[in-house]
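Scroll down for the structure; my scribbles are underneath it.
The values are calculated or read from the model by the stated rules, or taken from the named source; none is laboratory data. All values reported here derive from a predicted model rather than from experimental measurement. As a convention, Cβ positions derive from the backbone with ideal geometry for all residues, glycine included, and neighbour counts pool all protein chains shown. Protein only, heavy atoms only, side chains kept; ligands, DNA and RNA dropped before computing areas. Shrake-Rupley method; radii C 1.70, N 1.55, O 1.52, S 1.80 Å.
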Amino acid sequence: MTAQLEFTHRPAQSPTPVARRQEILADAVFGRHFTDHMVTATWTPDRGWYDGAVVPYGPLNLDPAAAVLHFGQEILEGLKAYRHADGSIWMFRPDANAARFARSARRLALPELAVEDFVAALDRLVRIDRDWVPSGEGRSLYLRPFMFASEGYLQVRAARHVTFGVIASPAASYFGGQAARPVTLWLSEEYTRAAAGGTGAAKCGGNYAASLIAQREAIENGCDQVAFLDSVEGRWVEESGSMNLFVVYDDGRIVTPELTGTILEGITRDSILTLASEWGYAVEERRLDVNEWRTGLASGQIPEVFACGTAAVVTPIGMLRWRGGQLRVGHGDAGPVTARIRRHLLDLQEGRTPDTRGWLHRVC
Ligand SMILES: *Cc1c(COP(=O)(O)O)cnc(C)c1O
């Protein structure tokens, strides 16, 4: 796929006043406030991608028959822009997000967007809204690219009018820069997230829609997040609703469920696999039996469990709970391996440690 998008610019006439922006940045709740601009582009089979534009943030004009509202043909991405100490702004592996966006598009029968166009759209939005990129540890500008079927028609087929967009939201870290608060995982035994041949490996809204009831069950049971098992045997650990899972053994092995098409291929997951093997841990991507997990927690053979994803980086799991039981993980707080990985990723993304792997992309 070659780049084909050109972008026009229509800057906001009345951007957020500086004082108000500073107020928002000082207390950035994840996903609540948005910057002054957004990116949009359109696709049709005849023209390909066209009308790339950076425009003031605001409501979209949508046909009530738009296929996304009826058939859920939609995909999304999530990544961050970080301000380094010298004021420069960077993204972490945006080409990996672009490649995953293209894979998700293929699975949802949406048109692919070239990697260069995807990254260019993000660059443009971050540049025009650069004052919205906060500085300080654990703070960033969260970027949300998305694509959906905007054709108004009520037949079930792939849409012939598609909209791409990017919005941005300043974010404090989920947990501040310091030790992350351990969360409790709810083992979902009734609901699954994905099945073989389904959309589990695509980042699409439908996967989230299907997981909300399990997430609600987790909250009702005093937990923070869900852990999903496979849909056939209800035995193999898959992932959390929006994060991949890792378990750490007391002999230095680090295990994460292998990618079988039902697990989202997290970029944080991939980065951690790279780091951990460079550091000499025995890293295994394989099936993980939930009973092995429980036995390991009970015996202390598994002293650490953590979840990972762009939004919260690395989150320690302090407790695993299910209907009828629960087990504490280690001492219930972040263990040394979890803390080391979290620290290294934050230092890398925020520019305090050299990027030896070419993972950082400079925006401005
Ligand atoms: C986005 C996402 C992740 C994490 O992926 P990252 O690329 O690390 O942010 C994990 N699981 C699901 C279901 C996701 O949607």
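Observations
- Projecting the Cα atoms of Val119, Ile75, Ala41 onto the charge dipole of region 8-171, computed from C-beta unit charges around the Cα centre, puts Ile75 farthest toward the positive end.
- Between helix 267-278 and the chain there is an angle of about 50 degrees, using the helix long axis and the longest principal axis of the Cα atoms.
- Region 183-349, accessible surface, carbon-and-sulfur percent (1.4 angstrom probe): 49
- Extension gain (nm, one decimal) between Gln22 and Arg130, 0.36 nm per residue minus Cα-Cα: 37.6 nm
- Span from the region 1-47 Cα centroid across to the region 247-265 one, whole angstrom: 36
- When the Gaussian network model of the chain links Cα atoms closer than 10 Å, the mean-square fluctuations of Glu238, Glu350, Glu137 top out at Glu137.
- Taking the helices alone, the chain has a mean residue ellipticity at 222 nm of -8000 deg cm²/dmol, built from -39,500 (n - 2.57) per DSSP H run of at least 4 residues and averaged over all its residues.
- Each Lys and Arg Cβ is given +1 and each Asp and Glu Cβ -1; about its Cα centre, the chain then shows a dipole of about 400 debye.
- Placing pseudo-labels 7 Å out from each Cα toward the beta carbon at Arg294 and Val232 gives an inter-label distance of 2.2 nm.
- The Cβ shell under 10 Å around Asn244 holds other residues with a net charge of -3, Lys and Arg each +1, Asp and Glu each -1.
- For the chain, the fraction of alpha-carbon pairs in successive 10 Å shells from zero, as %: 5, 23, 32, 26, 12, 2, 0
- Helix 290-299 and the longest principal axis of the Cα set of the chain meet at an angle near 50°.
- Subtracting the Cα-Cα distance of Glu189 and Leu327 from 0.36 nm times their residue separation leaves 48.1 nm of extension gain.
- Dipole magnitude of region 300-364 about its Cα centre (Cβ charges: Lys, Arg +1; Asp, Glu -1), debye to nearest 20: 140
- The length gained by stretching the chain between Arg357 and Arg160 to full extension, at 0.36 nm per residue less their Cα-Cα distance, is 67.0 nm.
- Degrees between helix 115-128 axis and first principal axis of the chain (Cα, 0 to 90, nearest 10): 80
- Remark: spin-label model distance Leu69-Glu116 equals 3.7 nm, labels positioned 7 Å along the Cα→Cβ axis.
- For region 21-140, projected area of the alpha-carbon convex hull averaged over all directions, nm²: 8.7
- Largest GNM mean-square fluctuation across Trp90, Trp279, Trp43, computed for the chain with C-alpha springs under 10 Å, falls on Trp279.
- Simple Cβ-charge dipole of region 8-171, Lys/Arg +1 and Asp/Glu -1, about Cα centre, in debye nearest 20: 220
- The local environment of Ala41, defined by Cβ-Cβ distances under 10 Å, has a net charge of -3 under the rule Lys, Arg +1 and Asp, Glu -1.
- For the chain: accessible area per residue (Å², 1.4 Å): 43
- Altogether, the Stokes-Einstein calculation at 10 °C and 1.306 mPa s, with the Kirkwood radius of region 313-364 over Cα pairs as Rh, returns a diffusion coefficient of 119 µm²/s.
- Separation of the Glu137 and Arg343 label points, Cα + 7 Å toward Cβ, nm: 1.0
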